[in-house]
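One structure is given below, encoded as C-alpha cells.
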C-alpha cells in the first residue's frame with residue numbers, strides 16, 4: 001500500500017498518502033526559496049546604501065575618470081540597477097559634477113557583450129583645462145569634447161589644430177590615450193561644459209548640451225560608435241556665439257569622422273562647408 005501509517009490520538013491507525021506528503025515537502029521548500037529570495041533582494045537594497053558600497057563605487061568612478069570622485073547617495077531601483085545622486089569631483093585643473101547618474105546592467109548577456117547596458121547622466125557640468133603636459137583634463141572627456149568644439153571651426157585652450165575637423169583626428173597632445181573606452185549607450189541631458197586655459201581663464205562654454213553615444217561592434221571585433229550632440233548655445237570668448245548647434249560624428253577607434261554639422265545661427269562665424277565624411281576611409285578603418 002502506497003501510504004504512511006501514523007498513530008492517532010485515540011490509538012487508531014491513520015494513513016497518509018506519500019504523494020500528499022511529497023507535495024507538502026515541495027511546497028515548504030518553495031516557500032523557503034521565495035523567502036530567501038525576498039530577504040536577499042531586501043539585503044541588496046540595504047547594501048547599496050552602505051558606506052562600503054559607496055566607497056567601492058567612488059573608487060571605480062575615480063579609476064574610469066582619472067580623478068578623485070565623490071558620490072552623495074547611491075540607491076538601487078526595483079530592477080536592481082543603480083541611481084547615483086550628486087556625483088562630483090573638483091581638482092586644481094578641472095572638475096565634473098552630475099545631479100543624477102543612472103546605470104543599467106545586463107544581467108544575462110553573451111560573453112562578448114558589455115555588462116553595461118546604458119548610462120544616463122542628468123544635470124552634467126564639466127570644466128576642462130589643460131594639465132602641466134597640455135592635455136585636456138578630465139582625460140576621459142577631453143578628447144571627445146575637443147572634437148565636438150573643433151568641428152565648429154573653433155578651438156579651446158590646450159589644442160594645436162585649428163579649423164574644422166573632417167576625417168581622421170590626431171590623438172590628444174602628449175599621446176596619452178583616454179583611460180576608458182565607452183562600450184554602452186550613453187545619454188547626457190541638459191549638461192554644460194566650460195573650457196579654461198592653464199591660468200583658469202574661460203575660453204569657451206557650451207550650455208543646453210544633449211549627447212547620445214551608441215556603440216556598435218564591427219565585423220572584425222572593433223567597436224564603432226555613433227555620437228550625436230546638440231547644444232543650445234556655444235560661446236567662444238572673443239569669438240562667435242553659435243546657437244542650435246548639431247554635430248554628428250563616427251568614432252572608428254583611433255579615427256573620427258564628421259558626418260553632419262549644422263546650427264540655427266552661426267553668429268559671427270562663417271557657416272562651414274557642408275559636412276561630408278569620407279565613407280571609403282571609414283569602411284577601410286572598420287576593416288583594419
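Nothing in this text is a laboratory measurement; each read-out follows from the coordinates by a stated rule. If you're wondering where the values come from, they're calculated on a predicted model, not measured in any experiment. All Cβ positions, even for glycine, are placed from backbone atoms using ideal geometry, and neighbour counts span all protein chains on display.
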Length gained if residue 46 through residue 223 is fully extended, taking 0.36 nm per residue and subtracting the Cα-Cα distance, is 60.1 nm
Using mean Cβ contacts within 10 Å as the protection proxy, how do 118-125, 43-50, 26-33, 196-203 order, highest first? 118-125, 196-203, 43-50, 26-33
Based on alpha-carbon centroids, what's the gap between the stretch 18-91 and the stretch 238-266 in Å, whole number please? 40
Take the Cβ-Cβ distance between residue 32 and residue 122 as r, set R0 to 41 Å, and report the resulting FRET efficiency rounded to the nearest 0.05. 0.50
Where does each of 255-263, 83-91 land if you order them by average Cβ count within 10 Å, highest first? 255-263, 83-91
Cα→Cβ-extended label distance, 7 Å offset, between residue 88 and residue 189, nm: 2.2
Per-pair calculated FRET efficiency, R0 = 22 Å: residue 235 and residue 199 via Cβ, rounded to 0.05: 0.70
